[in-house]
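One structure is given here, and the rest of the page talks about it.
The values are calculated or read from the model by the stated rules, or taken from the named source; none is laboratory data. Fair warning: this is a prediction, and the values are worked out from it, not measured in the lab. Here the Cβ positions follow ideal geometry from the backbone for every residue, glycine too, while neighbour counts run over all protein chains shown. These accessible areas exclude ligands, DNA and RNA; they are computed on the full protein's heavy atoms, side chains included. Shrake-Rupley method; radii C 1.70, N 1.55, O 1.52, S 1.80 Å.
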Amino acid sequence: MYYCFGCGAGGNVITFLMEYENYTFPEALEVLANRIGVELPKQELSAEQKWASDKKARLLEANKEAAKYFYTLLRSERGSRAHEYFKNRGLSEKTLQKFGLGYSDKYSDDLYRYLRTKGYEDELLKDSGLVSIDEQRGGYDKFWNRAMFPIMDVRGKVIGFGGRVMGDGEPKYLNSPETMIFDKSRNLYGLNRARRTKKPYFLLCEGYMDVISLHQAGFTNTVAPLGTAFTPNQAMLLKRYTNEVILSFDSDGAGIKAALRALPILRQNGLRGRVLSMKPYKDPDELIKAEGAESYQKRIDEAESGRMFELLVLYGQYNQQDPESRTEFLHEVAKKLAQIEEPLERQTYLTSAANRFMIRKNDLENLVNRYGLGYQYEQVNEQYKTCLL
């Protein structure tokens, strides 16, 4: 049993793990059972379910074995180039260890031959996404001559990898393909560590190095998608641990588009979204190196609300000195504000937008009301016409 005289939290070993590690009840139970060697009662499985369960366990073992091999290679003479790369990116030995970073050898069948000596058959290795099997070439590695980033699920099990090429090869970054244990749309890089945070928000970045650099700088509530656009499944995953997500994407056009795509997904899943300004730097890693953790924290504190960010992007798309272009901009602002269903929130944004973009509040409010009623009617009418056709 435990009790904190400071905050009044208390309970037993299971509730402690649930609170401290952000585990669900079954996850906490499984961790404790594994720790002391107790076998939990399991549901009776059909032959097909048992086959799938056994195969998943074998795939997880193969990925773990690969991660250990990459980890060892990084610390050998063969991995010196990748080790130097991580060092030049400002990562400490402690950080390399914490994230299990490694190196895949320059020989294209190195991992394949190693895993074969460990008893893994070709069919399983092919299904793991670690190896390709070809009738002419035989078995060859998916990753070779790359700095390696193990991807772990929320419980810390290795489910895939990301690899950054050493040299000028293409693609620059390569991820594991989808497998029985790896679904990119349902996992987030760094969540196995970030879920332990006590901060009331999560930071969402674009890449592995951003996550690792921010964790090293003390921002241990940072995660990133896995080489794909942010998905509703990832938003639902975050909802288990927080109610607010601050987007810390790159400052280029692609980063802005990614933020504009992610914000509605966050809202639809009950998460508040804000957007951190990275300018004049490209990404969080570059910002941290240039200005340090305190400057980054200041930008977190000043992050724009998601809706205001959307309006500011709109502002930049129109010539505010041209009367016709500015009128179009005001109509687009009104349409955006009319979409806000909660009246108080809509009024708050209406006031902020009027002040921010130098619009008379009454004029903007009339325009918003017009779109709130007439515009919605027109949309329904158009849908009705489409149905008739």
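Tabulated results
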item: Breaking point among (1) loosely packed, with under 11 Cβ neighbours inside 10 Å; (2) in contact with a Ser or Thr (Cβ under 9 Å, 6 or more places away or on another chain), for Asn12; result: (2)
item: Every residue from the range 163-172 that is of a type outside the set (Gly, Ala, Ser) and outside any loop (DSSP other than H, G, I, E, B); result: Arg164, Val165
item: Criterion: farther than 22 Å from Phe249 by Cβ and surrounded by 21 or more Cβ atoms within 10 Å (Cβ to Cβ) - qualifying residue of Lys126, Lys157, Lys142, Lys198; result: Lys142
item: Residue tally, condition farther than 23 Å from Phe182 by Cβ, open to solvent by 10 Å² or more (accessible area, probe 1.4 Å) and not in a loop (DSSP other than H, G, I, E, B), over the range 227-250; result: 1
item: All positions within the range 313-353 that are closer than 18 Å to Val275 by Cα, touching a residue at least 40 places away in the same chain (Cβ under 8 Å) and open to solvent by less than 70 Å² (accessible area, probe 1.4 Å); result: Val313, Tyr349, Ser352, Ala353
item: Among (1) over 16 Å from the mean Cα position of the chain (by Cα); (2) modelled with pLDDT under 95 - the single one Leu237 does not satisfy; result: (1)
item: Single match in Lys55, Lys68 (criterion: out of contact with any helix residue (DSSP H, G or I) (no Cβ under 8 Å at 6 or more places or on another chain) and either under 18 Å from Asp153 (Cα atoms) or part of a loop (DSSP other than H, G, I, E, B) (or both)); result: Lys68
item: Qualifying position, being surrounded by fewer than 11 Cβ atoms within 10 Å (Cβ to Cβ), assigned to a helix (DSSP H, G or I) and out of contact with any Cys (no Cβ under 9 Å at 6 or more places or on another chain), among Pro26, Pro41; result: Pro26
item: Count of residues meeting criterion [in a loop (DSSP other than H, G, I, E, B) and over 25 Å from Arg146 (Cα atoms)] in the range 173-226; result: 11
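Every residue, every condition in (1) touching a helix residue (DSSP H, G or I) at 6+ places or on another chain (Cβ under 7 Å); (2) closer than 23 Å to Tyr201 by Cα; (3) of a type outside the set (S, T, N, Q), yes or no:
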{"position": "Phe5", "(1), (2), (3)": "no, no, yes"}
{"position": "Ala9", "(1), (2), (3)": "yes, yes, yes"}
{"position": "Val13", "(1), (2), (3)": "yes, no, yes"}
{"position": "Leu17", "(1), (2), (3)": "yes, yes, yes"}
{"position": "Ala28", "(1), (2), (3)": "yes, yes, yes"}
{"position": "Leu32", "(1), (2), (3)": "yes, no, yes"}
